[in-house]
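To keep things clear, I will list the structure first and then write my remarks on it.
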Amino acid sequence: MGKIVTKFGGSSLSDAGQFRKVKAILDMDPRRAYVVPSAPGRRFDNDEKITDLLYRTYRLWREGEDYMQAFGPVCDRFLGIARELGLRVDIEARLADIRRALEAGQGEDYCASRGEYLNGLLLADYLGYDFLDPEAFVFFGPDGAFDSERTNDTLTALLSEHERAVIPGFYGVGADGRIRTFSRGGSDVTGAIVARAAYADLYENWTDVCGFLMADPHVVPDAKTIRNITYRELRELSYMGATVLHEDSVFPVHRAGIPTNIRNTNQPLERGTLISHGAVEEENPYVITGIAGRLGFSVISVEKAMMNSEHGFGRRVLQAVEECGLSFEHLPTGIDTMCVVLSTAELEPVRERLIKRIMSLTEPDTLTIYDDMGIIATVGRGMVHNPGTAARLFTALSRAHVNVRMIDQGSSELSILVGVDCADFQPAVRAIYREFVGE
Ligand code: ASP
């Protein structure tokens, strides 16, 4: 029987009621063998996430203040869940261990990771699964980077001895033997690591939404859920700001050929979004898969007659960009113009220096900088064999009176990027959505 690795986010395990939902989900499919929990999240608006409280606990302790202001609510939450579910695990003793370790100088990562650790203990007890502490098998190297191969080998061997297990997310151990965490949201990464090590058929990431939406719901309130998406499309959308998953959680499963399914713990019958390699069982009903965008770009447009026949012109422009410590986002070029798209925030401190350097290296006819640009990526594998997609997109934009300032389409034809004024950003996203998906 193939195995499924399930990761449950903080809101999926925020209280005893959510624990019951998680158990019901696991009971629905016996292949769900390994479970990766986050720390308990918010139960209601203005509630505090356990991880945030733990970071605060550490800060208060370091500043010599009364850290129980923050650690007290952490204790209450875990004791409350244990009590309500009638669990046997001695959480009180574990909480006392944590206080002792904190006072003995265990660091910030240790403190922050205890939300996952304690939640894992509770969940393992509640489900009757083994508890595997990532301290023993999620390794970080001396440079602080995650050591994927050592972790994978150790974990694969370990999992072969455990039919069912709970493995807390978010942390592992550094080369110095101290606890280390991934960046925020890192339980997604642990889930992907476990899926790879377990040779899972599927990585299920259970959260509080029914998957990826086709557009940002703040801009398109009724945006539909994406049913199928490839890892490459996901990369394009996430790069442009769409987030549901931690970025680093994609790589381990993508490389191992394991699909990821984003599901909603509160609506377990919804199929969510399936992220796979390419061949998807069912095509999307629309030519495009999704739209994402970001504000805060500047375009430097360097124009020079006969630029296209001047050897090294592009290299010199990029040399200036590199010398100023910048990395460019896009590079649309015309016959006599070359544009470099950069983040405005990064450009700001070196703006004058960069202009001077480009001027001296390339002696252009004109150099213009446009600020306040938003870039919108319309992504879809369905666009590849669909003539007329670009025409539809630009007609929709012109009907919405949006002035397109930049166009960039990679040769993969997986996405079309358009740059628009900040003020046109939202109308543009809505116009594209309406054209390809409908009202
Ligand atoms: N609890 C950690 C955080 O809040 C990790 C996670 O939930 O994925 O960032």
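The values are calculated or read from the model by the stated rules, or taken from the named source; none is laboratory data. The model shown is predicted, which means the values in this text are computed figures rather than measured ones. Using ideal geometry, Cβ is built from the backbone for each residue, glycine included, and neighbour counts are taken over all protein chains shown. Please note that ligands, DNA and RNA were not included when accessible areas were found on the heavy atoms of the full protein model with its side chains. Shrake-Rupley method; radii C 1.70, N 1.55, O 1.52, S 1.80 Å.
Carbon-plus-sulfur accessible fraction, the chain (probe radius 1.4 Å, protein heavy atoms only): 49%.
Axis angle, to the nearest 10 degrees, between helix 389-399 and the longest C-alpha principal axis of the chain: 80 degrees. Computed from label points 7 Å out along Cα-Cβ, the spacing between Tyr199 and Asp176 is 3.9 nm. For the chain, modelled as a GNM whose springs connect Cα atoms under 10 angstrom apart, the maximal fluctuation among Lys224, Lys304, Lys49 occurs at Lys304.
Amide H to amide H distances under 5 Å link Asp372 with Phe297, where only residues 5 or more positions off or on other chains count and H is placed in the peptide plane. Report the one residue of Val244, Leu274, Val220 whose Cα lies farthest in the direction of the positive end of the charge dipole of region 219-277 (charges on C-beta: Lys and Arg +1, Asp and Glu -1; origin at the Cα centre). Projecting each Cα onto the dipole axis, the largest value belongs to Leu274. All Cα-Cα distances of region 16-95, cut into 5 Å bins from zero to the largest, leave 3, 12, 19, 21, 19, 13, 7, 3, 2, 1 percent in each bin in turn. Helical content alone sets the calculated 222 nm signal of the chain at -11500 deg cm²/dmol, taking -39,500 (n - 2.57) per DSSP H segment of four or more residues and averaging over every residue. Charged side chains reduced to their Cβ positions (Lys and Arg at +1, Asp and Glu at -1) give the chain a dipole of some 580 debye around its Cα centre. Full extension of the chain between Arg62 and Gln319 yields a length gain of 88.1 nm, computed as 0.36 nm times the residue separation minus the alpha carbon distance. For the Cα atoms of the chain, what angle does the longest principal axis make with the long axis of helix 16-28, in degrees from 0 to 90, nearest 10? Taking the Cα atoms of the chain, the angle to 16-28 is about 80 degrees. Solvent-accessible area per residue for the chain at a 1.4 Å probe radius, Å²? With the other protein chains kept in place, the chain gives 45 Å² per residue. In this structure, the amide hydrogen of Cys324, modeled 1.01 Å from its nitrogen in the peptide plane, lies closer than 5 angstrom to no residue at least 5 positions away or on a different chain. In plain terms, the chain from Glu303 to Phe251 could stretch by 14.8 nm, reckoned as 0.36 nm per residue minus the Cα-Cα distance.
Here the Karplus curve 6.51 cos²θ - 1.76 cosθ + 1.60, taken at θ = phi - 60°, turns the phi angles of region 181-193 into couplings of 10, 6, 6, 3, x, x, 5, 4, 5, 4, x, 5, 5 Hz, with x standing for Gly and Pro. Going by the alpha-carbon gyration tensor, a ≥ b ≥ c the square roots of its eigenvalues, is region 1-156 rounded (a/c under 1.5) or, if a/c is not under 1.5, prolate (a/b greater than b/c) versus oblate? Since a/c reaches 1.5 but b/c is at least a/b, the shape of region 1-156 is classed as oblate. Taking the Cα atoms only, what angle lies between the long axis of helix 148-159 and the longest principal axis of the chain, rounded to 10 degrees? That works out to roughly 30 degrees. For the residues Val166, Val219, Val36, a GNM of the chain with alpha-carbon springs under 10 Å puts the largest fluctuation on Val219. Annotation note: trypsin sites (Lys or Arg not before Pro) in region 165-223 located in DSSP loop regions with a Cβ neighbour count of at most 16 within 10 Å are Arg178, Arg184.
Using the beta-carbon distance between Arg88 and Glu48 and R0 = 35 Å, what value does 1/(1 + (r/R0)^6) give for FRET efficiency, to the nearest 0.05? After rounding to 0.05, the efficiency reads 0.80.
Note on Arg392/Gln69: beta-carbon distance plugged into 1/(1 + (r/R0)^6) with R0 of 45 Å gives a FRET efficiency of 0.20. Using only alpha-carbon positions in the chain, the gyration tensor eigenvalues give semi-axes of 44, 27, 20 Å once each is multiplied by 5 and square-rooted (largest first). Its Cα centre serving as origin, region 1-146 has a Cβ charge dipole (Lys and Arg +1, Asp and Glu -1) of approximately 560 debye.
Multiplying the residue separation of Glu283 and Ala104 by 0.36 nm and removing their Cα-Cα distance gives an extension gain of 58.8 nm. Heavy-atom accessible area with a 1.4 Å probe sorts Asp52, Asp153, largest first, into Asp153, Asp52.
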